[in-house]
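K.L.:
Let me begin by handing over the structure; questions about it come next.
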Amino acid sequence: MIVRVACAALHGVDAFRVDLEVDLARQGMPAFVMVGLAEGALRESRERVFAAMRACNLRLPPARITVNLAPADRRKSGSGFDLPLAIGLLAAAEILPQGSTDGWFLLGELSLTGELKPVPGVLPVAVRARAEGARGMLVAADNAAEAAVVEGLPVYPVRSLGEAAAFLAGQADISAVPSGGRAMWERGPDWPVDFAEVKGQEHAKRAIEIAAAGAHNLLFIGPPGTGKTMLAQRIPTVLPPLSFEEALDVTTIYSVAGQLDGQGLITRRPFRAPHHTVSDYGLVGGGANPRPGEISLAHRGVLFLDELPEFRKTALEVMRQPLEDGVVTIARAAVSLTYPADSMLVAAMNPCPCGYRTDDRHTCTCLGPAVQRYRARLSGPLLDRIDLHVEVPAVPYEDLRGGMTGSTSAEMRDRIGAARAVQSARYAGTPCRTNADLTGKLLEEHCALGQDEHAFLEGAVRTLALSARAYTRILRIARTIADLEHAERVLAAGQVVGQAAGQEIGRDDANPAAAAVSGAGPIGVAHLAEAINCRALDRERL
């Protein structure tokens, strides 16, 4: 008798349907043959399944068993095929009634005792099951909350092979898990940290506001203990809340990576801070059995790289293309996978190996060659892809002894949310989501400059020897600053931002960007001047 059981396999962050076909023939010598490009743990499933059946007092008659995984030309791996294989064998042996498996999607790993264990990738499989019109899905109890995120698909939690067999045979009653994805999303995230806790560093907060409003990459440079990590950890608190679709995308990636830990929908924007010893595969994904890397786990959130020059140079260079495209493509001889990687890069570094080159309170002990080697760990193309370069100096005692002042996360989030809403309306129907995505004709249309502004920008480009990529990014930053100020055009009339208060982002007398800005000082270049100030990096002081 031939029985077909529906299940699914993963391909990147998506799942495709697999029909597990079982032929149990009672003629010939007993044997077990599995075909259909099974790999890894799937090849070992036979021993787990037979042991689980014995533990649940379910016996198969001697027979020649042939198992086919269709489509046979696509590779399948993982232990999630244990449950469909066991149920298929029971149905083929007529221990389960004929037709009892029709319409059901099954997924789960079996222990030797028959207990059903959770597996990664349940969410994309549930999405595939709903698309296939399944009547329901049987998963391990620990995976039920994850699968129930998909609305319109009844999810039944089972704890053992015996319980699953009894349910399909109509001998046991299991209640479906209520769908709770949208309810969890509507509750929203609860943040334990706030920008109000950061004393001083108001110019850094302003840079963060600009970066978050336009989804720009950000680099903090400063001595140890100035609050770079503290600032970075609070950036997700000011980003707009995830939409339901974005939350599903993020949760799917964590599901495939096996990092959901039994929770349902992820409602917080991710914040990933890998240690600088992370491997190339760990950062961008891949490996023998490809999995999403840190840059994909930070999708729709923040990827924070502390002590940036300490990371492997090869790992940092591999990030260059994903930072531009928002996706990671992993090509192997047998398969090519694409993982989402649309994250906001935030990095922090010291100005020199000892860390005190820009700190007037300490003496730098680094010799010239040591500083040059330290700088050489970061390539020009990588730095060019980081939009904002911001100095974070030591905090004065007057700021430390004062109470919590400055903008709170809620206030910053409201301003950033308003700027993001303007961008969403402006770029509706285009490939762009934020100003960081602007390119080509859209960049020319929405960042158009007048003759005076072109002259001002030309002087800055020549003085700072900026690349074409840096020119483009300055225009994007200027567009974001204009959005924060609710200006229709870039370079709306007004004073240069920060001059009235005697402060500019990254301002320093030795900084050529600050000199270019303060020396120009014309009316109508407020947004452009601040954008150049945000973008400029004084390499000599590094």
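The values are calculated or read from the model by the stated rules, or taken from the named source; none is laboratory data. Keep in mind that this is a model prediction, so the values were computed, not measured. FYI the Cβ positions are ideal-geometry reconstructions off the backbone, even for glycines, and counts take in every protein chain you see. These area figures cover heavy atoms from the full protein model, side chains too; ligands, DNA and RNA do not enter into them. Shrake-Rupley method; radii C 1.70, N 1.55, O 1.52, S 1.80 Å.
K.L.:
Just to be sure before I move on: is H275 modelled with pLDDT of 95 or more, open to solvent by 40 Å² or more (accessible area, probe 1.4 Å), of a type outside the set (A, V, I, L, M) and not in a helix (DSSP H, G or I) in the structure I sent?
P.N.:
Yes, satisfied.
K.L.:
Of all residues in region 225-239 being part of a loop (DSSP other than H, G, I, E, B) and at pLDDT 95 or above, which is farthest from V395 (Cα to Cα)?
P.N.:
Initially, region 225-239 is screened for residues part of a loop (DSSP other than H, G, I, E, B), giving 225-227, 234, 238-239.
Retained after the next criterion (residues that are at pLDDT 95 or above): 234, 238-239.
Working: R234: 18, V238: 22, L239: 25 Å.
In this case the residue turns out to be L239.
K.L.:
Specify the residue that is farthest from I208 (Cα to Cα); the eligible residues are those in region 296-326 that are open to solvent by 60 Å² or more (accessible area, probe 1.4 Å) and β-branched (V, I, T).
P.N.:
T314
K.L.:
Still on this model: In region 63-116, what residues are assigned to a loop (DSSP other than H, G, I, E, B) and of a type in the set (D, E)? Break it down into steps so the answer makes sense when it comes.
P.N.:
First, pick out the residues of region 63-116 that are assigned to a loop (DSSP other than H, G, I, E, B): 63, 71-75, 77-81, 93-103, 107-108, 111-114.
Answer for region 63-116, where residues must be assigned to a loop (DSSP other than H, G, I, E, B) and of a type in the set (D, E): D73, E94, D102.
Residue by residue, here is whether (1) surrounded by 21 or more Cβ atoms within 10 Å (Cβ to Cβ); (2) in a helix (DSSP H, G or I); (3) at pLDDT below 95; (4) basic (K, R) holds:
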residue	(1), (2), (3), (4)
G162	no, yes, no, no
A166	no, yes, no, no
S179	no, no, yes, no
A183	no, yes, yes, no
V193	no, no, yes, no
K205	no, yes, yes, yes
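K.L.:
Still on this model: Residues being over 11 Å from V302 (Cα atoms) and touching an Asp or Glu at 6+ places or on another chain (Cβ under 9 Å): count how many of those fall in region 223-241.
P.N.:
7
K.L.:
Which members of region 16-62 meet the condition of being assigned to a loop (DSSP other than H, G, I, E, B), of a type outside the set (D, E) and exposed (fewer than 14 other Cβ atoms within 10 Å of the Cβ)? So that I can check it myself, show each step before the final result.
P.N.:
Just the residues of region 16-62 that are assigned to a loop (DSSP other than H, G, I, E, B), to begin with: 26-30, 36-37, 39, 43-44, 56-62.
Next, from what is left, pick out any that are of a type outside the set (D, E): 26-30, 36-37, 43, 56-62.
R26, Q27, G28, M29, P30, R43, N57, R59, P61, P62 - these are the residues of region 16-62 that are assigned to a loop (DSSP other than H, G, I, E, B), of a type outside the set (D, E) and exposed (fewer than 14 other Cβ atoms within 10 Å of the Cβ).
K.L.:
Could you please let me know if L153 is of a type outside the set (D, E, K, R), touching a helix residue (DSSP H, G or I) at 6+ places or on another chain (Cβ under 7 Å) and touching a residue at least 60 places away in the same chain (Cβ under 8 Å)?
P.N.:
Taking the combined requirement at face value, the residue does not satisfy it.
K.L.:
Determine if region 437-459 includes at least one residue that is within 21 Å of V346 (Cα to Cα) and crowded, with 16+ Cβ neighbours inside 10 Å.
P.N.:
Within region 437-459 (the criterion being within 21 Å of V346 (Cα to Cα) and crowded, with 16+ Cβ neighbours inside 10 Å), the answer is yes, since at least one residue qualifies.
K.L.:
OK, next. If only one of L260, L265, L242 is outside any helix (DSSP H, G or I), under 14 Å from the mean Cα position of the chain (by Cα) and touching a residue at least 60 places away in the same chain (Cβ under 8 Å), which one is it?
P.N.:
Exactly one of L260, L265, L242 is outside any helix (DSSP H, G or I), under 14 Å from the mean Cα position of the chain (by Cα) and touching a residue at least 60 places away in the same chain (Cβ under 8 Å), namely L260.
K.L.:
When only residues in region 460-483 that are surrounded by fewer than 15 Cβ atoms within 10 Å (Cβ to Cβ) and of a type in the set (K, R) count, which is nearest to A436 (Cα to Cα)?
P.N.:
Residue satisfying both the conditions and the ranking: R469.
K.L.:
Taking helices (runs of 4 or more DSSP H) that do not extend beyond region 362-405, which have at least 1 residues that are closer than 24 Å to A215 by Cα and open to solvent by 20 Å² or more (accessible area, probe 1.4 Å)? Break it down into steps so the answer makes sense when it comes.
P.N.:
On the way: elements: 368-376, 380-384, 397-401.
Because the criterion is at least 1 residues that are closer than 24 Å to A215 by Cα and open to solvent by 20 Å² or more (accessible area, probe 1.4 Å), the helices (runs of 4 or more DSSP H) in region 362-405 that meet it are 380-384.
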